[in-house]
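J.: If you scroll down you'll find the structure; I have some questions about it.
The values are calculated or read from the model by the stated rules, or taken from the named source; none is laboratory data. Since this is a predicted model, take the numbers as computed values, not measurements. Reconstructed Cβ throughout: ideal geometry from the backbone, glycine too, with neighbour counts over all protein chains shown. SASA here: full protein model, heavy atoms, side chains in, ligands and nucleic acids out. Shrake-Rupley method; radii C 1.70, N 1.55, O 1.52, S 1.80 Å.
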Amino acid sequence: MSKAFTREPEIELEHDVPDLPPLPAGTKNYLTPGGFARLKAELDHLVEKERPELVATVAWAASNGDRSENADYIYGKKRLREIDRRIRFLVKRLDLAEVVDPAARVGDENADQIFFGATVTFVNQRSEERTVSIVGVDEIDTAKGYVSWVSPIARALLKARQGDNAVLRTPGGVEELTILEVKYEPLETG
């Protein structure tokens, strides 16, 4: 059969994948030191270890002949595109990064006011107590209570002080939060 009539595997276009999770226009990508170190370590691992090993595998698979039915070659090329996309993502994120150390605010004159990196304990109208830490977009971990600084709850809390009431607007309605404690401590985001 002529190669003219064989179907090439469909290659997904890189434009179909969203490039970056949303950041407010014109802002920096605020990160804690641990979050920055984690992103940098992932980038270094991809560039120095995983990508070169995969390039060697793809080159070996390509040297084996017919590439149309060569699973190592097809999978390797697909994985290489995924790695390159992730590298571009990480480079853009790290270029926009502004590292903010929460521990630097300890003992500050306005250490009772909520800014990036704060760990806040509050109570809602149903007397449910909750603690959240305000971190970067790339550091969200709901199990640890880490919320993004652009999330609705963080926006409601930002610039409030210990003892203040903050208003949280949710799809379920407006909720008033009473801030019990504000503290700045190193976070485990790395």
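J.: Whole-Hz ³J(HN,Hα) for each residue in the range 121-132, computed from phi via Karplus 6.51 cos²θ - 1.76 cosθ + 1.60 with θ = phi - 60°, x for glycine and proline: what do you get?
T.: Going residue by residue, I get 10, 9, 10, 9, 5, 8, 6, 8, 8, 8, 10, 10 Hz, with x marking Gly and Pro.
J.: Let me ask you something else. To the nearest Å, what is the center-to-center distance of the range 148-188 and the range 43-110, using C-alpha atoms only?
T.: Answer, in whole Å: 35.
J.: Which values, in whole Å and largest first, are the semi-axes of the equivalent ellipsoid of the range 108-190 obtained as the square root of 5 times each eigenvalue of the Cα gyration tensor? All intermediate terms of the calculation are to be shown ahead of the outcome.
T.: On the way: eigenvalues 71, 49, 25 Å².
In descending order, the three semi-axes are 19, 16, 11 Å.
J.: I've got another one for you. Rounded to a whole number of µm²/s, how large is the Stokes-Einstein D of the range 21-118 at 37 °C and 0.692 mPa s, given Rh as the Kirkwood radius over C-alpha pairs?
T.: The estimated diffusion coefficient comes to 200 µm²/s.
J.: Using the Cβ atoms and a cut-off under 14 Å, what net charge is assigned to the surroundings of ALA97, where Lys and Arg are +1 and Asp and Glu are -1? Can you show the working numbers first?
T.: Details: positive: LYS28, ARG38, LYS40, LYS92, ARG93; negative: GLU42, ASP95, GLU98, ASP101, ASP138, GLU139.
With Lys, Arg at +1 and Asp, Glu at -1, the net is -1.
J.: Normalized C-alpha radius of gyration of the chain, against 2.2 N^0.38 Å?
T.: Working: Rg = 23.1 Å, N = 190, 2.2 N^0.38 = 16.2 Å.
Output field value: 1.43.
J.: Measure nothing fancy, just the Cα-based angle from helix 33-45's long axis to the longest principal axis of the chain, in degrees from 0 to 90, nearest 10.
T.: 0
J.: At a 1.4 Å probe, what is the % contribution of carbon and sulfur to the accessible area of the chain? Display every interim value, and only then the final one.
T.: Working: 6130 of 11640 Å².
Of all accessible area on the chain, carbon and sulfur atoms account for 53 percent.
J.: What value in Å³ per residue do you get for the convex hull of the alpha-carbon atoms in the range 82-122?
T.: Output value, Cα hull per residue: 104 Å³.
J.: Over the chain, average the accessible area per residue using a 1.4 Å probe and give it in Å², no decimals. Please report the intermediate quantities before stating the final value.
T.: Details: 11640 Å² over 190 residues.
Here the per-residue accessible area is 61 Å².
J.: Can you work out ³J(HN,Hα) from phi for every residue in the range 151-163, in order, using Karplus 6.51 cos²θ - 1.76 cosθ + 1.60 and θ = phi - 60°, giving whole Hz and x for Gly and Pro?
T.: 6, x, 5, 5, 4, 5, 8, 3, 6, 6, 10, 4, x
J.: Given only helices, namely DSSP H runs of n ≥ 4 each adding -39500 (n - 2.57), what is the per-residue ellipticity at 222 nm of the chain, to the nearest 500 deg cm²/dmol?
T.: Numbers: 4 runs with 56 residues, N = 190.
Theoretical 222 nm ellipticity from helices: -9500 deg cm²/dmol.
J.: I would also like to ask the following. Full extension from GLU69 to ALA103: what is 0.36 nm times the residue separation minus their Cα-Cα distance, to one decimal in nm?
T.: Values: separation 34, 0.36 × 34 = 12.24 nm, distance 5.54 nm.
Extending this stretch completely gives an extra 6.7 nm.
J.: All other residues with a Cβ under 12 Å from the Cβ of TYR146 taken together, and with Lys, Arg as +1 and Asp, Glu as -1, what is their net charge? Working shown, then result.
T.: Values: positive: LYS144; negative: ASP138, GLU139, ASP141, GLU188.
Neighbourhood net charge equals -3.
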